[in-house]
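This is the structure I have questions about; it appears just below.
Read-outs throughout are calculated quantities, based only on the coordinates presented, and are distinct from any laboratory measurement. Note that the structure is a prediction, hence the values are computed from the model and not measured. Virtual Cβ from ideal backbone geometry, glycine too; neighbours counted across all protein chains shown.
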Amino acid sequence: MEIPLFQTDTPLRFDRIVLYPYPDLTRIWTRLWLTAVNEADHPNIEIVVYNPDGSENCSVFMMAHAEPRAETTLHMRNPSSAAIYTVVAELTRGFGEEATLLDRQTFPLVLEFHNPDLGEPGFGYGVDWDEVKRKASRQ
């Protein structure tokens, strides 16, 4: 019996994206998962946080990322508590003019502390926050 490790019928895309601002609101814990596909050409991952006025606050670019999970900390410039920021996550292949967009997710982030240890919902894409709360309440 052969057990496949990769999803052969699913394109490479973001599976889940989770962000939690730290209590000091100057840093944001970020973790994302990609679909498990066997790709020889590793994708680029870019996460950008935009201020409420639309200007860029901070970003990270992970070139040719080889793992199905990525984790990083974003460092906010001049954070404004309770302000609504916009997060844009892009998954691309190639560079410059030759880059191909594979997936793009956009979602709001209210800059306030949410405690993941208590099951409080964070911000992101592809997560059932009600399930997170239920699991935390059973612990």
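Please enumerate the residues belonging to segment 77-94 that are farther than 20 Å from P11 by Cβ and without any contact (Cβ under 8 Å) to a residue 60 or more places away in the chain.
R77, N78, P79, S80, S81, A82, A83, I84, Y85, T86
Let's see how each residue does on (1) among the hydroxyl-bearing types (S, T, Y); (2) touching a residue at least 40 places away in the same chain (Cβ under 8 Å); (3) within 12 Å of V49 (Cα to Cα); (4) exposed (fewer than 12 other Cβ atoms within 10 Å of the Cβ):
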site: L102; (1), (2), (3), (4): no, yes, no, no
site: T106; (1), (2), (3), (4): yes, no, yes, no
site: H114; (1), (2), (3), (4): no, yes, no, no
site: D117; (1), (2), (3), (4): no, no, no, yes
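Name the pairs whose Cβ atoms lie under 8 Å apart, with the first residue in segment 16-28 and in a loop (DSSP other than H, G, I, E, B), the second charged (D, E, K, R), and 6 or more positions between them or separate chains?
Close Cβ pairs satisfying both conditions: L25/E112.
Got a sec? Which of I28, I84 is of a type in the set (V, I, T), surrounded by 15 or more Cβ atoms within 10 Å (Cβ to Cβ) and either within 14 Å of the chain's Cα centre (by Cα) or over 29 Å from R138 (Cβ atoms) (or both)?
Of the residues listed, the single one that is of a type in the set (V, I, T), surrounded by 15 or more Cβ atoms within 10 Å (Cβ to Cβ) and either within 14 Å of the chain's Cα centre (by Cα) or over 29 Å from R138 (Cβ atoms) (or both) is I28.
Restricting to strands (runs of 3 or more DSSP E) lying wholly in segment 29-121: which have 3 or more residues that are closer than 28 Å to K133 by Cα?
Correct list: 44-50, 69-75, 84-93, 100-110.
What tally of residues in segment 21-72 results from selecting those that are under 13 Å from V88 (Cβ atoms) and among the acidic types (D, E)?
Final tally of qualifying residues: 2.
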